Amino acid sequence: MKKIVIIGANDFQNQLILKAKEMGFETHVFAWQDGSIGERTADYFYPIDIKLTDKILEKCREIQPDAVASIASDLANITVSKVAEGLNLPGNSSECIRLSTNKYAMREAFSEAGIATPKFYRVDRIEAYLFGLRLPLIVKPTDRSGSRAITKVTNFADLKEAIKNAVNQSFEHQAIVEEYIEGDEYSYESISYKGKHTNLAITKKFTTGSPHFIESGHRQPCSFPEDLLYKIHYVMRRGLDALQITDGASHGEFKITPDGKVRIIEIGSRMGGDCIGSDLVYLSTGYDYMEMVIDTACGKEPVIMPKHGPRNAEVRFLFTVEDVKRMQAYKAKYPEQIYRISELNLSNLGHILDSSTRLGYYIIHSEHDLP
């Protein structure tokens, strides 16, 4: 039986575990043991922190997997790359992983490639020269995802505290401060194989807004005028090349400014989280994105062919008791549109600070417009 190592065991990673088992793989899952669902669905679970790369690699030499994969996590993506390299399995280069998981290195790569980027600085404390930047500003850790410690600063008096919060959340204790890009936000979901990029879907993103921009929902598909769609593809593919992404999934976030320009926010060399890659792409397009991720991790060219016709799909996240009630009312009225409802964690009520502390989510889909 073919074997696959999967890094991470939470609800999002569990979709990859289930897909791999469906494809006939024996699943070996590594994660910190905290009761996550992947601990129960994996064929073999190893309670090893995903940051302990050497220990995971040692165990993987015994397992001898055919592939190493993960979805929706920059931290897991780093471990996947190091383990795959240690086992001589397919994957992006270590330089690609560095560029695509560190927001400062990413901005530098975009700038060197001639891709328009806001003015930016890397800091570990308040710096006098930052006051040369124009408000508003965005402050975030250089190496975290999931909306952790992201702050929009509209008054310089708030900059010090925003930098402090971002530095405290950063693994390398660094923050990036950059000028804010105005415009509507979207994401660009792609699969790459030996340097050839194929866009699978574009996602409309919804957030709680300023100051922390915690993502509240995502919707596919998106429609654009032909000339704007051309600009989106052109800019995003240049971004993928600048980060040296050659194989596997990628999730690029961008904005369309009020004057119609496409500006990259960031690109990860992994599938988008929040059920975007694991669920919405397949539901809205028919493309089996997770199968493609597993195929490319095995060094196999992905089959880019829809398994069903287009649909409307959306994931909605829960922040309050009222959100939970709306979900329950939706389920009662449109039961046929419910694709999945996550486990709920009401312990975070009133204390939602980032994506990891939301109460849960539900995914809906239909061949018709969604209410």
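The values are calculated or read from the model by the stated rules, or taken from the named source; none is laboratory data. Quantities reported herein were computed from a predicted structural model and do not represent experimental measurements. Here the Cβ positions follow ideal geometry from the backbone for every residue, glycine too, while neighbour counts run over all protein chains shown.
General remarks:
- Residue check, Ser223 among the hydroxyl-bearing types (Ser, Thr, Tyr), without any contact (Cβ under 8 Å) to a residue 40 or more places away in the chain, outside any strand (DSSP E or B) and outside the structural domain of Arg144 (by TED's automatic domain parsing): yes
- The set of residues from the range 285-320 being surrounded by fewer than 12 Cβ atoms within 10 Å (Cβ to Cβ) and over 30 Å from Val5 (Cα atoms) comprises just one member, Gly309.
- Taken together, the residues in the range 265-284 that are in contact with a Gly (Cβ under 9 Å, 6 or more places away or on another chain) and not small (Gly, Ala, Ser) amount to 8.
- Any chance Ile191 is surrounded by fewer than 19 Cβ atoms within 10 Å (Cβ to Cβ) and either part of a loop (DSSP other than H, G, I, E, B) or among the β-branched types (Val, Ile, Thr) (or both): no
- There is at least one residue in the range 21-35 that is surrounded by 15 or more Cβ atoms within 10 Å (Cβ to Cβ), modelled with pLDDT of 95 or more and part of a helix (DSSP H, G or I).
- Lone qualifier among Phe110, Phe120 - being closer than 24 Å to His218 by Cβ, among the aromatic types (Phe, Trp, Tyr) and touching a helix residue (DSSP H, G or I) at 6+ places or on another chain (Cβ under 6 Å): Phe110
- The requirement of being hydrophobic (A, V, I, L, M, F, W, C), closer than 23 Å to His251 by Cβ, touching a residue at least 40 places away in the same chain (Cβ under 8 Å) and assigned to a loop (DSSP other than H, G, I, E, B) is not satisfied by Ile6.
- Qualifying residues in the range 219-244 (those that are more than 16 Å from Gly183 (Cα to Cα), in contact with a Ser or Thr (Cβ under 8 Å, 6 or more places away or on another chain) and not basic (Lys, Arg)) - the one surrounded by the most Cβ atoms within 10 Å (Cβ to Cβ): Leu243
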